[in-house]
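*Asks:* Structure incoming, see below.
Any read-out appearing in this document is the output of simple, stated calculations on the displayed coordinates, not a laboratory observation. Because the structure is predicted, anything quoted here is derived from the model rather than measured. Here Cβ is always computed from backbone atoms with ideal geometry, including for glycine, and neighbour counts include all displayed protein chains.
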């Protein structure tokens, strides 16, 4: 009976060790490179749903004036001017 406890403790310790090592490896990975210039543009546009009042701020888009997102099955209204 004591052998099963020892084997179980060793296996449990190995599992914890592997999980900890995996977390440390995930933290050690370098940050991925940003996308090439020109693909995403910085924008500062705010939209509001006219039905429920939900507000959305768009910070990046593929072009300077993207299409409005949809909420409640209708397009949202532009609230803040483009800077």
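*Asks:* Once you put a point 7 Å from the Cα of residue 72 and another 7 Å from the Cα of residue 10, both along the Cβ direction, what distance in nm separates them?
*Replies:* Between residue 72 and residue 10, the simple spin-label model gives 6.5 nm.
*Asks:* Output the relative contact order of the chain, whole-number percent, from Cα pairs under 8 angstrom with separation of 6+ residues. Write down the numbers at each step before the final one.
*Replies:* Details: 78 pairs, mean separation 21.0, N = 83.
After rounding, I find 25 percent.
*Asks:* Against the longest alpha carbon principal axis of the chain, how many degrees, from 0 to 90 and to the nearest 10, is the axis of helix 2-28 turned?
*Replies:* Around 30 degrees separate the two axes.
*Asks:* A follow-up question, please. Work out how much length residue 61 to residue 23 would gain on full extension: take 0.36 nm times their residue separation and subtract the Cα-Cα distance, in nm to one decimal. Don't skip to the end; give the middle numbers.
*Replies:* Numbers: separation 38, 0.36 × 38 = 13.68 nm, distance 3.26 nm.
Result for the pair: 10.4 nm of gain on full extension.
*Asks:* Note the direction-averaged projected area, equal to a quarter of the hull surface, for the Cα convex hull of the chain, in nm². Intermediate results must be reported in sequence, preceding the final value.
*Replies:* On the way: hull surface 43.7 nm².
The directionally averaged projection comes out at 10.9 nm².
*Asks:* Output the peptides 22-31, 52-61 sorted from most to least packed, where packing is the average of other Cβ atoms within 10 Å over each peptide's residues.
*Replies:* 52-61, 22-31
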